[in-house]
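Here the structure is laid out as structure tokens; the discussion comes afterwards.
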Amino acid sequence: MSEIRDGFQSRIGFVFAAAGAAVGLGNIWGFPTQAANHGGGAFLLVYFIVIFLLALPALFTELYIGHSAQANPVKALSQACSETSKKLGASAGYIGLFGAIIMLSFYSIVAGWMVAFSLEPIAQVLGLDDVAEFLKQDSMWRNFIFTPIMLILTASIILQGVKSGIEVWSRRLMPLLLILLVALIAYIGTLKGADEGFAAYLIPDLNKVLDPELIISAMGQAFFSLSLGVGCMMIYGSYLNPKANVAKMSFSVAMLDSGVAFLAGLLIIPALFVAQNQGVQVLNDGNLIGGPQLIFAILPQLFETMGQLGLLIGFIFFVLMSVASLTSTISSTEIPVSFLVENHGASRRQATWFVTLIIFLASSAIILNFDWLFDLVIMVLTEYQLPLMGLFYFIVVGWLWRKGNALASSTGLKQRLFANYIRFICPLLMIAVFVHKIMG
């Protein structure tokens with residue numbers, strides 16, 4: 001027990017770890033195209049406003065629950081709720097636990113693609129053309145090779161614990177991610193067509209600022225970009241020093257995550273316009289193509305137009321994507337591992353390998369039934385579980401707190417206002433995001 005509860009040793013270690021949990025593939029391929037297709041700078045403006053209105057309070061509530069309990073999400077939610085709602089809290093914790101495993105089951109597959117694509121330029125340089133073709137072509141065998149590689153990379157870090165594993169590697173991987181991002185932005189910015197991309201991304205169409213569709217999309221992106229609703233932030237919050245200032249930590253994590261999302265836009269949107277300048281098809285029904293097709297089809301076509309230099313740029317880009325994937329899989333894997341250690345007395349080694357095996361079996365089921373199961377799993381998680389769990393966290397902190405809400409009972413006016421904002425306004429905003437998700 002002492003091994004897992006020694007926690008983070010520094011503020012910067014926690015911020016890098018929590019931001020790493022939040023910074024994932026959604027930041028890299030989701031945020032930029034959302035911005036470009038919803039008014040460019042207008043979306044950015046609204047996005048940063050709703051970070052404060054919805055995402056930051058949601059991040060605070062999740063960290064606050066974990067920090068107060070100093071325990072995994074199942075224990076934390078059970079302890080946070082009043083006697084009459086303890087079972088409800090524990091049930092929600094189990095749903096989050098299940099959601100983390102389901103998320104890892106498909107996320108590890110996609111993360112494996114990133115590793116494969118990062119190795120493809122190396123195979124080309126070595127003249128291994130058949131290997132290079134295998135690495136970039138979708139196949140069941142490629143999935144069964146690279147999904148376990150990502151699972152083992154994740155497990156090797158989780159095995160080392162919080163202080164020696166998660167914190168140490170987060171302090172290495174997050175600066176590397178930022179350096180790679182900035183380097184790629186600097187290079188792409190020198191290419192023909194990039195200026196048009198920067199303009200599309202940064203110059204606001206002020207006529208769209210009050211567009212309800214834009215506002216709801218920005219709210220959803222702000223919430224999902226912070227990886228809220230699974231329990232990642234709750235478990236990381238539980239590893240904070242009991243005397244830590246959760247509000248300041250929440251702000252730091254939100255700003256770093258938003259900063260990475262903003263930088264991703266500075267890379268991806270100009271890159272798409274550069275690709276268009278090179279004759280690559282980047283539009284679909286008038287909108288810039290996003291999602292996996294952007295990463296695995298459009299950008300590789302751009303890299304191919306750059307000749308030998310494109311091999312280096314492609315290698316750096318997919319290493320960047322692999323790092324973003326790894327920082328996210330680490331946090332999600334820690335949720336069930338901590339549960340097995342704390343609630344069932346397993347050793348960290350036993351828990352890590354057991355969880356890794358379960359995730360591999362779930363991933364295998366998706367790989368073997370890829371055509372229908374992959375998209376279904378993603379839809380259920382992102383459109384139903386995450387927003388509903390985020391809503392539940394607001395209800396726990398605002399209404400079900402076991403010993404009375406410390407914020408609501410505070411004598412400070414700011415604290416009381418914030419408490420009531422979490423109780424009344426945030427649930428309404430979260431419901432709006434949920435309704436928008438399921439309807440469109």
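The values are calculated or read from the model by the stated rules, or taken from the named source; none is laboratory data. Predicted model only: the values in this text are computed from it and were never measured. Note that we place each Cβ from the backbone using ideal geometry, even for glycine, and neighbour counts take in every protein chain shown. Ligands, DNA and RNA are stripped out before the accessible areas are found, and what is left, the full protein with its side chains, is counted by its heavy atoms. Shrake-Rupley method; radii C 1.70, N 1.55, O 1.52, S 1.80 Å.
Charged neighbours of Ala42, selected by a Cβ distance under 12 Å, balance to -2 (K, R count +1; D, E count -1). Please report how far the C-alpha centroid of region 421-440 lies from that of region 102-176, rounded to the nearest whole angstrom. Centre-to-centre (Cα) distance: 35 Å.
Once the chain from Leu376 to Asp285 is taken as fully extended at 0.36 nm per residue, the excess over their C-alpha distance is 30.3 nm. When the Cα positions of Leu153, Tyr236, Ala55 are compared along the charge dipole of the chain, Tyr236 comes out farthest toward the positive end, with charges on each C-beta of Lys, Arg, Asp and Glu. The charge dipole of the chain, taken about its Cα centre with unit charges on the Cβ of Lys, Arg, Asp and Glu (plus for the first two, minus for the last two), comes to roughly 1900 debye. Modelled spin-label separation between Leu388 and Gln9, with each label point placed 7 Å from Cα along the Cα-to-Cβ direction: 4.2 nm. For the pair Phe251 and Asp195 in one chain, pulling the backbone fully straight at 0.36 nm per residue adds 17.0 nm over the alpha carbon distance.
The alpha-carbon of Lys163 sits under 30 angstrom from the alpha-carbons of these lysines, leaving out residues fewer than 8 places away in its chain: Lys75, Lys243, Lys248. Work out how much length Leu312 to Ala183 would gain on full extension: take 0.36 nm times their residue separation and subtract the Cα-Cα distance, in nm to one decimal. Extra length from Leu312 to Ala183 when fully extended: 45.2 nm.
Among the protein heavy atoms, those of Phe424 account for about 100 Å² of accessible surface (1.4 Å probe, every chain in place).
Highest first, please rank the peptides 142-150, 331-339 by the mean number of other Cβ atoms sitting within 10 Å of their residues.
Details: 142-150: 19.7, 331-339: 27.1.
In decreasing order of mean packing, 142-150, 331-339 become 331-339, 142-150.
Computed with a 1.4 Å probe on the full set of protein chains, the accessible area for Trp372 sits at about 150 Å².
Between the helical axis of 348-368 and the longest alpha-carbon principal axis of the chain there is an angle of about 50 degrees. Note on Gln350 and Lys86: their simple-model spin labels are 2.5 nm apart, each label 7 Å out from Cα toward Cβ.
For a straight C-alpha distance cut-off of 12 angstrom, the aspartates and glutamates reachable from Lys437 (same-chain residues fewer than eight places away being disregarded) are Glu213, Glu383.
Against the chain, whose longest principal axis comes from its Cα atoms, helix 212-225 is set at around 80 degrees.
For the residues Lys136, Lys87, a 1.4 Å probe over the protein chains yields an accessible-area ranking, largest first, of Lys87, Lys136. The aspartates and glutamates within cross-link reach of Lys136, meaning a Cα-to-Cα straight distance under 18 Å and a gap of 8 or more places when in the same chain, are Glu120, Glu304. Residues Asp371, Asp138, ordered by accessible area of protein heavy atoms at a 1.4 angstrom probe radius and largest first, appear as Asp371, Asp138. Using only Cα atoms, find the angle between the long axis of helix 370-380 and the longest principal axis of the chain, and express it within 0 to 90 degrees, rounded to the nearest 10. For 370-380 against the chain, the angle is about 40 degrees.
Taking the Cα centre of region 159-298 as reference, the dipole from Cβ charges on Lys and Arg (+1) and Asp and Glu (-1) amounts to some 720 debye.
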